[in-house]
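The values are calculated or read from the model by the stated rules, or taken from the named source; none is laboratory data. Note that the structure is a prediction, hence the values are computed from the model and not measured. Neighbour counts are summed over all protein chains in view; Cβ atoms, including those assigned to glycine, are modelled from backbone coordinates with ideal geometry. Remember, those area values only see protein heavy atoms, side chains included, never the ligands or the DNA or RNA. Shrake-Rupley method; radii C 1.70, N 1.55, O 1.52, S 1.80 Å.
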Amino acid sequence: AWRTRPDAARPDMSSFLFGFAAALLLTIGARDQVLVARLADPLGALILLAALVSAIFTAGLMALAGDAIATMLPEAARQMLVAIALVVAAFELVWPKRDKRPKEPTRSAFAAFVVLLARQWGDAARFLLFALAAATALPTFVALGGAAGAGVALAGGWALGDDLEALPLRAFRLAMGAMVLIAGLAMGLGARGII
């Protein structure tokens, strides 16, 4: 389980693993993974490189943001911050997405990189990394784990290409959304002393 922010943060492999698992699971079926899969054929390895760089950048920024904001808050408020981030992540997971397939020619890796940054900035995986960093006070380990987990999921989408969308992605994301929502509600109620 997540632990509260320690008085003296120490390297903790569990923070890396939580970040890895969270980003891996919540990137499956996400808009960035779907975009990478759709552009795998026209852009080849360039789209994978763009996706990995954007994943590293956004994971680092969201983990640092979670830690920075949490340091300014008392314990109860930190727990509520984590709970709110989890609830927001849950809603992003269940929100229906109707992305149109990019029209050809789509040969600009830089344009794809910009789109990936925009999509990742407010997605469920990044909100969960924000929450983890706020909860553990170990943003570096959370960011590294998150970048690695998202990278694995994005590489999987790139390898599958058009076959990715044949998988039951919507059902998977709904299940993930339900679990994250329950965790967020439980943490919020715990912060209020209700449970």
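Please count how many residues of the stretch 108-161 are open to solvent by less than 30 Å² (accessible area, probe 1.4 Å) and either among the aliphatic types (A, V, I, L, M) or without any contact (Cβ under 8 Å) to a residue 40 or more places away in the chain (or both).
Qualifying residue count, the stretch 108-161: 20.
Looking at the stretch 72-101 only, could you name the residues that are among the β-branched types (Val, Ile, Thr) and touching a helix residue (DSSP H, G or I) at 6+ places or on another chain (Cβ under 7 Å)?
Matches in the stretch 72-101: Val82, Val87, Val88, Val94.
Scan the stretch 166-180 and report the pairs whose first residue is more than 15 Å from Ala153 (Cα to Cα) and whose second residue is open to solvent by 90 Å² or more (accessible area, probe 1.4 Å), with Cβ atoms within less than 9 Å and a gap of 6+ or a chain change.
Sorted first by the residue in the stretch 166-180, then by its partner, the pairs are Gly177/Phe91; Gly177/Trp95.
Being of a type outside the set (A, V, I, L, M, F, W, C) and surrounded by 24 or more Cβ atoms within 10 Å (Cβ to Cβ), is that true of even one residue in the stretch 76-98?
no
So which residues in the stretch 176-195 are small (Gly, Ala, Ser) and surrounded by 14 or more Cβ atoms within 10 Å (Cβ to Cβ)? Explain how you work it out, then say what you get.
The initial filter retains those residues of the stretch 176-195 that are small (Gly, Ala, Ser), namely 177-178, 183-184, 186, 188, 190-191, 193.
Result: Gly177, Ala183, Gly184, Ala186, Gly188, Gly190, Ala191.
Among the candidates Arg192, Arg126, Arg173, single out the residue that is basic (Lys, Arg) and under 16 Å from Val34 (Cα atoms). Spell out the reasoning first.
On the way: Arg192 fails: under 16 Å from Val34 (Cα atoms); Arg126 fails: under 16 Å from Val34 (Cα atoms).
Only one candidate qualifies: Arg173.
State the number of residues belonging to the stretch 30-75 that are of a type outside the set (Asp, Glu), over 15 Å from the mean Cα position of the chain (by Cα) and farther than 16 Å from Phe130 by Cβ. Spell out the reasoning first.
Taking the stretch 30-75 and keeping what is of a type outside the set (Asp, Glu), we get 30-31, 33-40, 42-66, 68-74.
Of the ones still in play, those that are also over 15 Å from the mean Cα position of the chain (by Cα) are 35-40, 42-50, 68-74.
From the residues that got through so far, the ones that are farther than 16 Å from Phe130 by Cβ too are 35-40, 42-50, 74.
Matching residues across the stretch 30-75 total 16.
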